[in-house]
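*Asks:* Below is a structure I'd like to ask you about.
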Amino acid sequence: MPADLAGTANAVPAVVRVGVERAADRSSSGIGFEDVTVAYNGLVVLDSLTLAVNPGEIVALIGPSGSGKTTALRAVAGFVRPVRGRITIGPRDVTNVAPHARNIGMVVQNYALFPHMRAEENVAFGLRARGAAADVIRQRVPECLRLVGMASYAKRYPRELSGGQQQRVAIARALAIRPQVLLLDEPLSALDAQIRRSMLDELAKLHRELPSLTVLYVTHDQTEALTLADHIGIMRDGKLVAFGDAQSLYRYPPNRFSAEFLGRANLLPVQALVATGGGMARVRFRDGAFVARNHHALPDGGECLLCVRPHDLCLAPPDAASNALTATVKSVQWQGDMQSVELDVDGHLLRVSCAPMHAPPSPGAPLTVHFSATQATLVPETMVRG
Amino acid sequence: MADIALRLPVADERPAVNSWIAPPLLILAALFFFPLALIVRQALTGDGDVLSIAKFASVFASREFHHALGNTLTIALAATAGCLVLGFVLSVLIAFTPFPGSRVIARMIDTFIALPTFLVALAFTFIYGSAGMLNESLKALLHLDLPPVDFLYSQWGVMLSEVTVYTPFVMRPLLAAFSLIEPAQIEVAASLGARPLRIVSRIILPAALPALVAGGSLCLLLTVNEFGIVLFIGAKDVITLPLLIYDKAIQQFDYTTACVIAVVNVALSIALYSLYRFVVAYFGSRRAGLV
C-alpha cells in the first residue's frame, strides 16, 4: 500500500459510518436532466441531454474531450446555465438556483484545496459557510476525515500532502456538508496509475459505506466507469449516445462509438441478417456465416457490425457451435501477463488478447481464431438506446 | 585534475568581472552617492566644518517640521489605505466578474502607471477646482455665488489625487496574483455553500495578501515622497516633507535645514523600502513553503 494511503485499510468506526450514513439517508436525492441544452456564445456544447440519476446510484458520464460530460456536471453544480431544459436535484428544480444554494458536494481533478487552510479547515469550510454550530463542526470534521482515512493529517497544509491525500481531503470536504448529491469531475486524473487504482477501490468502498449517496462521476477513463458506476452514459459531441447499466453497455453496445469507446472492440461489417430465434441471428461475412446475439433486435436483411471483444477471441474453439475466422497475423506483442495479436481480415483490423504463448505466430502467417456465438453481438452503426 | 580544470577559469575571470562592475559603480557613485553624501555633510556641518547634530535637534523641535511630518504620514497612510481598498475592489471586479472591456481596462493600468503624477492633479483642477466643471455646473444649476464643492485644495484633494494615481500600483500585482488562483477553488467554495462575500474574504483575500501588502508598501513609499501632486494642488496648509525641502532650499535658501529634512525623508524612504523588500521576501518564501 502506498504511504499516502496508510491508515485507510482500517475499518471505519461504526459510529462514524452510521452517523454519516443516516445523514445521507435523510438527504438522498436523484439528479434529473430534462432536455438540457448548454451553449457558449451560440455554440452548443451540451445538446438536449435527458438523463435520470436515481437516489443512491453512481452514474458515470464518459466520453472524449469536448464531448460535454464536464459541462453536464457543471450545469448540475450551477456554474453554467442551460439555455433550455430543466435540472432537478430530488424534487427541486435547481435550474436557476445559485451554486451555493444547491447543496452539492464537488470534487475536481486538481483537488482545489484552499492552500492557506489546514486539512481540517478545508473540511470545515463548507460547514462554516452554511453557518453550522461550532459543536457540529467539532464533531463532523474529524468524522469525515476518519471516513477517508485522513484523521492523522488534520493539521497539515495541502502542500504537505501527496496527491492522493489531497484528493481524500477534497472528498472529506465535499462529504462534510452532507450533500444531496456528490459530483466528481475526473477526480483521479491527476494521480499516478498505482494511486489511482487504490483510490478507485477506496471510492467503491466509500460508496458501500454511504449507499444512499447519489454520485455523478465524470471521467474519460473507462476502467473507472466500469469499476464504479451502476449506470454509464457515453457522450459524444455534446450528445448522450448511449446509456445503460455498465455490464449491458459493455456486452451489448448500442452503436459503433459506444463499442469502441467502452473497452476495446473488434467490429466487422456483416450483411444479410437473419434472425434464428432465442435472441440470436445469422449474418454473412465474406464467404462465411457467423451466429451472434441480436440483442438490439435488428431487422432481417440489413447490414450491421459484428462486435467481439479481443479477450473473447480464442485460438481453440470455445464450444461446439463457435464461429471461426481465418486471418493473417500482422503483429504479436508480449505484454507481460497477456499476449496481444493483431490480425488482418480483408483489410479489417482484429485484435486478440490471450494468455502468453510458448510459440507465438509469426507476422504474415495465417491464423484461425474462434469465438462463441453468445460472446458476439450485432451492433447497429448508428444510435440505439441501451 | 578536475579541480584544477574547474578552478583555473574562475581565477582568470575574477578581474574581468570586477572591471565590468566598476563603470556602473562609478556612475552610481557620481550620480547618487556623491550628491547624497553632500546632503548628509551639509546637514551635519552646516556652513562650517565641524560635525554637529545641533541642526537636527533644532529641526526636530520645530513646529513646521512636525506639521510637515504629520501631513506626510497622514496623507501617505490614508492614500495607501484608499489605494488598497479601491485597488482590491477594482481588481476583484476585473478578474472575477469579467465584463465587456475588462481586458482593455486591465491593459490600460500599465499605461496609467507610465503617466506623470501631476496630470491627475491638473485633471482634477478642471473637474473639481473652484472654476471646474462640477462647481460651474452646480453654481448654474443651484444659482449659487460660491463654488459648493471645496475639497480639492485640502488634504482630501491631495489624497484623492494620490489614490487615483497610485491605485494601479496596487492593481498590477493584485491582478497577477488573482491570475494564479485556480478557478476551481472558487467554484468548489461556491458549491460548498459560500456566498460571494465569503469567497472574497476567505479564498481570494488570503491568496492576494502578499500582493496586497507588497503593493501597499510600494504605494506608501511613493506617497511619502510625492511632490508633484502636492505642489500642483497648492493647498494652503498642506505642507509635506518634500514640499518643505523645496520651500527651504529654493524659496528660503536655507540649504542646511533643507538637507536635514532631506536626510529624514531619505531615512523614512529607506525604512519603508526595507519594509517592502522584507514583505516581498517573507511572502515569497511562504508561498514556496519555506517559512
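No lab work stands behind these numbers, since they all come straight from the coordinates. In this text the structure is predicted, and so the values were computed from the model without any measurement. Don't worry about glycine lacking a Cβ; one is built from the backbone with ideal geometry, like all the others, and counts go over all protein chains shown.
*Asks:* Could you work out [θ]222 nm for chain B from helices alone, using -39500 (n - 2.57) per DSSP H run of at least four and dividing by all its residues? Round to the nearest 500 deg cm²/dmol. Can you show the working numbers first?
*Replies:* Details: 14 runs with 217 residues, N = 291.
Mean residue ellipticity at 222 nm (helix-derived): -24500 deg cm²/dmol.
*Asks:* Let me ask you something else. Residue by residue through the stretch A:170-187, which ³J(HN,Hα) values in whole Hz follow from phi under the Karplus form 6.51 cos²θ - 1.76 cosθ + 1.60 (θ = phi - 60°), with glycine and proline marked x?
*Replies:* After applying 6.51 cos²θ - 1.76 cosθ + 1.60, I find 4, 5, 4, 4, 5, 7, 4, 7, 6, x, 6, 9, 10, 9, 10, 9, 6, x Hz.
*Asks:* On to the next question. When the convex hull of the C-alpha atoms of the stretch B:46-198 is computed, what volume per residue in Å³ does it have?
*Replies:* It comes to 236 Å³ per residue, whole-number rounded.
*Asks:* For the pair A:Ser362 and A:Asn54, what calculated FRET efficiency results from E = 1/(1 + (r/R0)^6), where r is the Cβ-Cβ distance and R0 = 56 Å, to the nearest 0.05?
*Replies:* With a Förster radius of 56 Å, E is 0.60.
*Asks:* While we're looking at this one, here's another question. Could you tell me what % of all Cα pairs in the stretch A:54-174 have separations over 19 Å?
*Replies:* 56
*Asks:* What dipole magnitude, in Debye to the nearest 20, does the protein assembly as shown give about its Cα centre under +1 on Lys/Arg Cβ and -1 on Asp/Glu Cβ?
*Replies:* 1120
*Asks:* Something else: Taking the protein assembly as shown as the region of interest, what is the percent of Cα-Cα pairs per 20 angstrom bin, listed from the shortest bin to the one with the maximum distance?
*Replies:* The distribution over the protein assembly as shown is 14, 31, 27, 19, 8, 2, 0, given as percents.
*Asks:* With each pseudo-label sitting 7 Å past Cα toward Cβ, what's the A:Ala275-B:Asp254 distance in nm, one decimal?
*Replies:* The modelled label-to-label distance comes out at 11.2 nm.
*Asks:* May I pose another question? Going by amide H atoms built from the backbone, whose H comes under 5 Å of the H on A:Met235, apart from near neighbours?
*Replies:* The answer is A:Ile62, A:Gly63, A:Val241.
*Asks:* With r defined as the distance between the Cβ atoms of A:Cys314 and A:Val136 and R0 fixed at 60 Å, what FRET efficiency is calculated, to the nearest 0.05?
*Replies:* Here the calculated transfer efficiency is 0.50.
*Asks:* Could you pull out every one of the aspartates and glutamates with an alpha carbon less than 15 Å from that of A:Lys239, ignoring same-chain neighbours closer than 8 positions?
*Replies:* A:Glu34, A:Asp35, A:Asp47
*Asks:* Still on this model: What lysines does A:Lys205 reach when the alpha-carbon gap must be under 26 Å and sequence neighbours fewer than 8 apart in one chain are set aside?
*Replies:* A:Lys69, A:Lys155
*Asks:* Which of the peptides A:227-236, B:28-37, A:136-145, B:65-74 is most tightly packed, and how do the rest follow, judged by the mean count of other Cβ atoms within 10 Å per residue?
*Replies:* A:227-236, A:136-145, B:65-74, B:28-37
*Asks:* Over the Cα atoms of the stretch B:207-291, what is the Rg over Rh ratio if Rh follows Kirkwood?
*Replies:* Radius of gyration over Kirkwood radius for the stretch B:207-291 works out to 1.15.
*Asks:* Reachable lysines from B:Lys55, Cα under 21 Å, same-chain residues fewer than 8 places away excluded?
*Replies:* B:Lys248
*Asks:* Using only the Cα atoms, work out Rg/Rh for the stretch A:276-386, with Rh taken as the Kirkwood radius, to two decimals.
*Replies:* Value, to two decimals: 0.99.
*Asks:* While we're looking at this one, here's another question. Can you tell which of A:Ala373, A:Ala129, A:Ala204 shows the greatest fluctuation in a Gaussian network model of chain A with Cα springs below 10 Å?
*Replies:* In this elastic network of chain A, the residue with the biggest mean-square fluctuation among A:Ala373, A:Ala129, A:Ala204 is A:Ala129.
*Asks:* So, one more: Determine the percent antiparallel among the DSSP beta bridges restricted to chain A, to the nearest 5.
*Replies:* 75
*Asks:* Something else now. Could you work out the relative contact order of chain A, using alpha carbon pairs under 8 angstrom and six or more residues apart, expressed as a whole percent?
*Replies:* 17
*Asks:* For the stretch A:3-251, count the residues as N, evaluate 2.2 N^0.38 Å, and divide the Cα radius of gyration by that value, please.
*Replies:* 0.97
*Asks:* Per residue of B:202-214, count partner chain C-beta atoms within 10 Å of its C-beta, then hand back the mean as an integer.
*Replies:* 2
*Asks:* What percent does the relative contact order of chain B come to when contacts are Cα pairs within less than 8 Å and at least six residues apart?
*Replies:* Relative contact order, chain B: 26 percent.
*Asks:* Right, here's the next one. Could you compute the FRET efficiency for B:Ala267 and B:Ala29, with r as their C-beta to C-beta distance and R0 at 22 Å, rounded to 0.05?
*Replies:* Result of the calculation: an efficiency of 0.65.
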